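Just below is one structure, and these are the notes that go with it.
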Number of protein chains: 2
Amino acid sequence: MRDKGIRTRERVLAGATEIFHRQGFSGTSIHDLIRVTGVKKGNLYHYFSSKEEMGLQVLSRARDDFFRFLENSLQGDRPSVQLANHFDSIIRYHESRNLVGGCIFGNTALEMSDRNDTYRDVIHSVFEEWRRRIRDVLKSAVRFGEVRKDLDPEAMARNIVATVEGGIMVARASRNPADLKACLAVLAGILGIDGETVTHGGKQTG
Amino acid sequence: MRDKGIRTRERVLAGATEIFHRQGFSGTSIHDLIRVTGVKKGNLYHYFSSKEEMGLQVLSRARDDFFRFLENSLQGDRPSVQLANHFDSIIRYHESRNLVGGCIFGNTALEMSDRNDTYRDVIHSVFEEWRRRIRDVLKSAVRFGEVRKDLDPEAMARNIVATVEGGIMVARASRNPADLKACLAVLAGILGIDGETVTHGGKQTG
């Protein structure tokens with residue numbers, strides 16, 4: 001593909017990402033995509049064979065971004081600080097967007113998981129990798145005596161992923177980021193990592 | 001409205017409920033509604049002024065059903081048993097549906113909360129009532145010394161609602177009800193109510 005083609009494809013993907021994130025896959029029409037990307041219909045189909053393929057590309061990109069976010073947000077000299085930073089980064093990401101769009105993976109999980117196995121596989125792989133990373137940090141935290149010894153890192157990691165996703169949901173329903181904060185504060189309290197917070201950045205979150 | 005009209009309206013609402021639950025609001029076309037309800041287009045618009053109004057009726061009915069589910073599932077002679085029964089009823093509901101559709105409120109929260117304040121208000125009222133009921137049971141549990149005294153019923157109740165919703169999401173992404181069970185088992189462990197389970201029934205859950 002020539003430079004101009006690559007740039008156009010990138011512009012389409014960036015616009016499609018934003019609109020799928022805000023409106024969902026079914027809620028986004030080809031007309032919306034034309035309006036947002038400024039690319040004509042025939043041209044859209046030159047770069048992507050279907051809306052479905054475009055959605056898959058959007059999800060795959062979002063997954064790469066999220067894995068970078070995971071690495072950037074799980075920073076700190078101790079496991080408990082890494083987890084506190086992770087929670088902080090999630091809150092700051094959603095506050096910065098004023099909760100608009102929420103989590104593209106959570107949205108797509110609920111919208112598409114019964115209907116599209118390819119999308120579901122991507123979402124599942126995101127949740128699994130997220131869970132594994134949290135589990136490994138929790139294992140270290142248990143080893144270093146930073147959290148309760150009776151805590152099961154495997155189960156707790158799954159619970160954390162679920163609580164973050166559900167926390168985003170209730171905060172969107174109330175239009176109040178404090179609801180997400182409150183859910184993560186309870187998690188921090190359970191883990192015993194409250195008040196450990198050190199700020200670190202990250203681009204995109206769950 | 002005459003008897004036949006009432007029956008037709010009920011049939012449309014029942015069909016619309018099932019399809020909105022499974023496919024979401026944006027993912028359901030008027031064509032789908034005609035196919036599922038067996039009612040012609042002109043007739044649909046005789047009973048409902050728009051797809052949006054139909055969606056609102058579906059959500060309102062689902063809310064009524066959910067409030068009944070709350071009462072039926074929060075049964076037991078002690079607060080800890082009530083909570084254990086609630087978690088059990090949630091798991092059994094989603095297992096019985098093989099996770100298909102998930103939670104209609106959670107789905108609609110993520111799909112519509114940025115776009116439709118009327119829908120968002122209904123969803124928010126469901127999450128709020130759910131949180132209040134759990135909070136009251138938790139307050140009793142603290143009073144009766146059934147859970148940790150340092151537990152904040154208000155914050156913990158919000159965390160529980162979020163974890164249930166997120167647990168349904170991760171279980172749908174993995175197509176494995178065990179993931180929802182694991183999230184609720186962690187909650188039960190945190191509350192110290194594991195192994196208290198007594199079975200009770202309920203029609204619909206979050």
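Per residue of peptide B:123-131, the mean number of Cβ atoms on other chains within 10 Å of the residue Cβ is 3.
Our helix-only sum for the protein assembly as shown, with -39,500 (n - 2.57) per DSSP H run of n ≥ 4 divided by its residues, gives a mean residue ellipticity at 222 nm of -24500 deg cm²/dmol. If eta is 1.002 mPa s and T is 20 °C, what Stokes-Einstein diffusion coefficient results for segment A:1-48, Kirkwood Rh from Cα pairs, in µm²/s? For the chosen part, D equals 199 µm²/s. Computed over chain A, relative contact order equals 28 percent, with contacts defined as Cα pairs under 8 Å that lie 6+ residues apart. Ordered from longest to shortest, the equivalent ellipsoid semi-axes for segment B:74-131 are 26, 16, 6 Å, each the square root of 5 times a Cα gyration tensor eigenvalue.
Distances between copies of B:K4, taken at a point 7 Å out from Cα along the Cα→Cβ vector and listed shortest first: 6.5 nm.
Mean-square fluctuations from a GNM of chain A, with a 10 angstrom spring cutoff on Cα atoms, peak among A:V58, A:V164, A:V39 at A:V39. Alpha carbon centre of segment B:10-56 versus segment A:70-100: separation in Å? What the calculation gives is 41 Å, centre to centre. From least to most packed, judged by other beta carbons within 10 angstrom and beginning with the fewest, A:H86, A:H31, A:H21 follow the order A:H31, A:H21, A:H86. Across the identical copies, the label point of A:I30 (7 Å from Cα in the Cβ direction) is separated from its matches by 2.0 nm, in order from shortest.
Put simply, the C-alpha atoms of segment B:27-94 give a gyration tensor, and the ellipsoid matching it has half-axes of 37, 12, 8 Å, longest first. Label sites at B:E154 and A:S96, each approximated as a point 7 angstrom past Cα along Cα to Cβ, lie 3.0 nm apart.
Scanning chain A for DSSP H helices at least 18 Å long along the axis (C-alpha atoms) with a Kyte-Doolittle mean no lower than 1.0 picks out A:177-191. Neighbour counts of other Cβ atoms within 10 Å put B:C183, A:C103 in the fewest-to-most order A:C103, B:C183.
Other residues lying with their Cβ under 14 Å from the Cβ of A:Y45 contribute a combined charge of +2, Lys and Arg counting +1, Asp and Glu -1. Ascending distances from the B:G145 label point to its copies in the other chains, with the point 7 Å along the Cα-to-beta-carbon line: 3.1 nm.
The spread of Cα positions in the protein assembly as shown, taken along each principal axis and listed from longest to shortest, comes to 67, 60, 31 Å.
Per the Debye formula on identical point scatterers at the alpha carbon atoms of chain A, with no solvent, log10 I(q)/I(0) at q = 0.17 Å⁻¹ is -1.12.
The tail of the calculated P(r) for segment B:1-118, taken as Cα-Cα distances beyond 23 Å, holds 39 percent of the pairs. Counting beta carbons within 10 Å around each of B:R120, A:R68, B:R158, B:R131 and listing the fewest first gives the order A:R68, B:R120, B:R131, B:R158.
Read the figures in this text as sums done on the coordinates, not as results from a lab. This is a predicted model, so every value here is computed, not measured. A quick note on method: Cβ atoms are made from the backbone with ideal geometry, for glycine too, and the neighbour counts reach across all protein chains shown.
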